[in-house]
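Worksheet: one structure, shown below.
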Amino acid sequence: MLKIGEYTMYSWYGACKVEDVREISKEDGKKMYYIFKPHNDKKATVMVPVDNERMREIISKEEAETLLKSIDELPLNWVENSRIRDELYMEILREGDTKRVLQLLKTLLLKKEEVKDAKGKMNMRDNRILTNTEKYLFSELSISLNVELEVIREQVSSNVISKYKEKSMY
């Protein structure tokens, strides 16, 4: 059981801090719940049954550092068919595998940059998935590396985009 003050990864919310653990009465009886504060949205509060299976541990600092070092080697995963792309990308976020989420982030950041270079705009659905991917991944990396959200967002995004710019110059 998680303790108050600990962080965990939970579903779409990303890294969440346990604010409280309490018993709540519902129609089907009493049940224990975690009260979470998402790291990337201090205004939100999320109630989650303690037996929920969508929680997992935050990756360690070492795992986060190794993951970030691997970003250049991660292949892009762009899918041309928008319906299939939506389904695949949402499944990646649902599963929450950090490496696959980082690969998705890299793919979407580079696609956004490619579209921007062509004087266009990324479609709303892809942009929303990118935003959700950033919130999810950056909240975990921020906790793991003990770095502010904006700092990790800037470091990762600029690293990915600068590599893209270097390659497109040749």
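The values are calculated or read from the model by the stated rules, or taken from the named source; none is laboratory data. None of the values given here were measured: they were computed from a predicted structure. Positions of Cβ are generated from backbone atoms using ideal geometry, with glycine treated the same way; all protein chains shown enter the neighbour counts. Each accessible area value is taken on the protein alone, full model and side chains, heavy atoms only, with ligands, DNA and RNA left out. Shrake-Rupley method; radii C 1.70, N 1.55, O 1.52, S 1.80 Å.
Within the range 21-77, the set of residues being assigned to a helix (DSSP H, G or I) and either under 14 Å from Ser11 (Cβ atoms) or of a type in the set (Asp, Glu) (or both) comprises Glu62, Glu63, Glu65, Asp72, Glu73. Checked against (1) more than 25 Å from Ser144 (Cβ to Cβ); (2) surrounded by fewer than 16 Cβ atoms within 10 Å (Cβ to Cβ), Glu65 meets all criteria but (1). Of all the listed residues (Asn40, Asn77), the sole one being in contact (Cβ under 8 Å) with a residue 60 or more places away in the chain, surrounded by 15 or more Cβ atoms within 10 Å (Cβ to Cβ) and either among the polar types (S, T, N, Q) or at negative phi (or both) is Asn40.
Per-residue answers, yes or no, for (1) under 20 Å from Leu68 (Cα atoms); (2) touching a Phe, Trp or Tyr at 6+ places or on another chain (Cβ under 6 Å); (3) at pLDDT 95 or above:
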| position | (1), (2), (3) |
| --- | --- |
| Arg85 | no, no, yes |
| Arg100 | yes, no, yes |
| Asp117 | no, no, no |
| Asn123 | no, no, no |
| Thr133 | yes, no, yes |
| Val147 | yes, no, yes |
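Restricting attention to the range 101-124, the residues being surrounded by 14 or more Cβ atoms within 10 Å (Cβ to Cβ) and not hydroxyl-bearing (Ser, Thr, Tyr) number 15. Criterion first (closer than 24 Å to Tyr10 by Cβ, outside any helix (DSSP H, G or I) and either open to solvent by 70 Å² or more (accessible area, probe 1.4 Å) or out of contact with any strand residue (DSSP E or B) (no Cβ under 9 Å at 6 or more places or on another chain) (or both)) does Val156 satisfy it? So Val156 does not fit the description; no.
Show the residue pairs meeting these rules: Cβ distance below 9 Å; 6+ apart or different chains; first residue within the range 139-159 and over 15 Å from Lys17 (Cα atoms); second residue of a type in the set (Val, Ile, Thr) and surrounded by 22 or more Cβ atoms within 10 Å (Cβ to Cβ). As it stands, the answer is Leu145/Ile152, since those pairs meet every condition given. Taking the numbered list (1) over 18 Å from Glu73 (Cβ atoms); (2) surrounded by fewer than 19 Cβ atoms within 10 Å (Cβ to Cβ) in turn, Thr133 passes all entries but (2).
The set of residues from the range 101-126 being touching a residue at least 40 places away in the same chain (Cβ under 8 Å) and among the basic types (Lys, Arg) comprises Lys106, Arg125. Once the range 78-103 is narrowed to residues that are under 17 Å from the mean Cα position of the chain (by Cα) and either small (Gly, Ala, Ser) or outside any helix (DSSP H, G or I) (or both), the residue that is farthest from Arg128 (Cα to Cα) is Asp97.
Among the criteria (1) out of contact with any strand residue (DSSP E or B) (no Cβ under 8 Å at 6 or more places or on another chain); (2) of a type outside the set (Val, Ile, Thr); (3) open to solvent by 70 Å² or more (accessible area, probe 1.4 Å), the one Arg54 does not fulfil is (1).
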